[in-house]
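These notes concern the structure reproduced below.
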Amino acid sequence: MRIMIQEAMNEIKRGVAEIIDVERIEKLLKDYFENGKNYYVKAGFDPTAPDLHFGHTVLLQKMAVLQKCGAIVQFLIGDFTGMIGDPTGKNETRKKLDKETVLKNAESYKEQVFKVLDPTKTEVMFNSLWLEELGASGIIELTTTFNVARMLEREDFEKRYKSQAPISISEFLYPLLQGYDSVAMKCDIEMGGTDQKFNLLMGRQLQRTYNVGKEQAVVMMPLLEGLDGVNKMSKSLGNYIGVTDEPSDMFGKVLSISDDLMWRYYELLSALSLEAIATCKDDVATGKVHPKVAKENLALELVTRYHNVDLANAAKEEFNNVHKKNELPTDIKEFSCDGPIWIAKALVDCKISPSTSQSRRDIKQGAVKINQEKVSDEQLQLEQGEYILQVGKRKFAKLKVI
RNA sequence: GGUGAGAUACUCAAGUGGCCAACGAGGGCAGACUGUAAAUCUGCUGAUUUUUAUCUUCGAAGGUUCGAAUCCUUCUCUCACCA
């Protein structure tokens, strides 16, 4: 029994940035393994963007691990708090979404989330349910539990306060409301990114204040770096790999990360054991395994997870055809138009160039190819026929000139 | 409420009457090199088949002028200092 708990703990601790109250998690595990008692793990998500990317899955995967150890996941959609916008981002106050949209978003969340989480051990919840009921008096009461000095301890607020950047009062409410969620949900563990530390601890604090009878443990996951290897993965920065990305896109994006970053992805995203990863890393360092092969394996694993093995292998083959052998991808978007047409215009029509000016620049640089042949004449007219147009290494289009 | 400062392209940031489609940096795109990458080097980075040109763009609207991102007026927004 003790060994089981120990093993579970090790698996849970893998890759996490910080755990607060490890003892409590151990107790929960013990209660599960000995008495089969479940416990609740909360994680909050934004209601506006049901586009999950690998950054989110770091958290989801950890929750999936916990599900195997008796956790019921409370998948919280912050439809109420979404109005305020978490101060950690630069988000300004947002408009409240109508119910219909929220429910629709929730549905698409489910589609994506259950590729990782076990649906039988997951409850989807909305915080408007209890926060709306709280009312003005409830919110005022909530604010009395905390003072401004403490609030300003939050790193983000402290910085802005010192540099005299504006802090909106509503922003103070965000951590309080998120914390109140923990009270309403009576969760045992809350998960979040390291940037959420303050908010996560708030939940713990408020559970005590409101006499919930338990104080949630906190598991913080590191923020996964995006494709650029510097900034955290986010949709707005465009450096993300979405769980709904097409197999070939997903494969290509994974292959495009730097060698250093690959190990980070291995640690946080792969299902391989840490020992296996360490071995692989050694083999790459000693030259036994080519770094590209290691990266391909990672990409295969991830594409398989969100699609399937066949598509993953197809994506790999496709990738090597296009990039290694310089062949053409299999599915190229097709267009047709009346001819004759000026090459620069054709590229714009096929959406592989933003403007004819840009087309001309690209032609001058030798970045444009027709049927694998470099184009040197920027005045070129395309007569009747079918052409494969290409800009750079990645942008392709098939054009039929009538 | 009072006073002062500011708003320039994707972002930061120069420019204070013509040589400004606007220095520079980052980012992005492309070429070389590679493992598709990273690093490095190079070019490009408002639009337009008039390309040593034309048109649109420097918070918004007017005005002065042969000519304005630059000067004047009003407005909008942001910031700072004081209360």
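Within the stretch A:355-380, the set of residues being among the charged types (D, E, K, R) and not in a loop (DSSP other than H, G, I, E, B) comprises A:360, A:361, A:362, A:364, A:369, A:373, A:374. The residue of the stretch A:104-119 that is least open to solvent (accessible area, probe 1.4 Å), among those that are of a type in the set (Lys, Arg) and within 16 Å of residue A:79 (Cβ to Cβ), is A:110.
The single condition among (1) at pLDDT 90 or above; (2) more than 23 Å from residue A:369 (Cβ to Cβ); (3) open to solvent by 70 Å² or more (accessible area, probe 1.4 Å) that residue A:264 does not meet is (3). Can you say whether residue A:236 is within 16 Å of RNA strand B (Cβ to nearest atom), surrounded by fewer than 18 Cβ atoms within 10 Å (Cβ to Cβ) and within 13 Å of the chain's Cα centre (by Cα), as far as the supplied structure shows? It is true that residue A:236 is within 16 Å of RNA strand B (Cβ to nearest atom), surrounded by fewer than 18 Cβ atoms within 10 Å (Cβ to Cβ) and within 13 Å of the chain's Cα centre (by Cα). For the stretch A:93-109, the candidate set comprises residues that are more than 23 Å from the chain's Cα centre (by Cα) and in a helix (DSSP H, G or I); within that set, the residue that is modelled with the lowest pLDDT is A:99. Looking at the stretch A:354-376, which of its residues are hydroxyl-bearing (Ser, Thr, Tyr) and either in contact with a Pro (Cβ under 7 Å, 6 or more places away or on another chain) or at pLDDT below 90 (or both)? Across the stretch A:354-376, the qualifying residue is only A:376. The set of residues from the stretch A:361-380 being open to solvent by 90 Å² or more (accessible area, probe 1.4 Å) and within 8 Å of RNA strand B (Cβ to nearest atom) comprises A:361, A:364, A:365, A:379. Only a single item in (1) at positive phi; (2) assigned to a helix (DSSP H, G or I) is not met by residue A:201, and it is number (1). Looking at the stretch A:283-354, the helices (runs of 4 or more DSSP H) lying wholly inside it that each contain 1 or more residues that are touching a Ser or Thr at 6+ places or on another chain (Cβ under 6 Å), surrounded by 15 or more Cβ atoms within 10 Å (Cβ to Cβ) and in the same structural domain as residue A:366 (by TED's automatic domain parsing) sit at A:343-349.
Among the criteria (1) over 21 Å from residue A:17 (Cα atoms); (2) touching a residue at least 24 places away in the same chain (Cβ under 8 Å), the one residue A:208 does not fulfil is (2). Could you check the stretch A:219-232 and list, in sequence order, the residues that are aliphatic (A, V, I, L, M) and open to solvent by 10 Å² or more (accessible area, probe 1.4 Å)? Listed by number, the residues that qualify are A:223, A:227, A:230. When the stretch A:198-218 is filtered for residues that are of a type outside the set (S, T, N, Q), buried (at least 18 other Cβ atoms within 10 Å of the Cβ) and over 23 Å from residue A:29 (Cβ atoms), the ones remaining, listed by number, are A:198, A:202, A:206. Going by what's in this entry, would residue A:284 be described as closer than 30 Å to residue A:53 by Cβ and within 12 Å of RNA strand B (Cβ to nearest atom)? Against the criterion (closer than 30 Å to residue A:53 by Cβ and within 12 Å of RNA strand B (Cβ to nearest atom)), residue A:284 qualifies.
Of the numbered criteria (1) out of contact with any Phe, Trp or Tyr (no Cβ under 7 Å at 6 or more places or on another chain); (2) at pLDDT below 90, the one residue A:305 fails is (2).
Under the condition of being polar (S, T, N, Q) and under 15 Å from residue A:183 (Cβ atoms), the residues counted in the stretch A:102-146 number 4.
The values are calculated or read from the model by the stated rules, or taken from the named source; none is laboratory data. Fair warning: this is a prediction, and the values are worked out from it, not measured in the lab. Virtual Cβ from ideal backbone geometry, glycine too; neighbours counted across all protein chains shown. The protein model used for the area step is the full one, side chains on, heavy atoms only, and it has no ligands, DNA or RNA in it. Shrake-Rupley method; radii C 1.70, N 1.55, O 1.52, S 1.80 Å.
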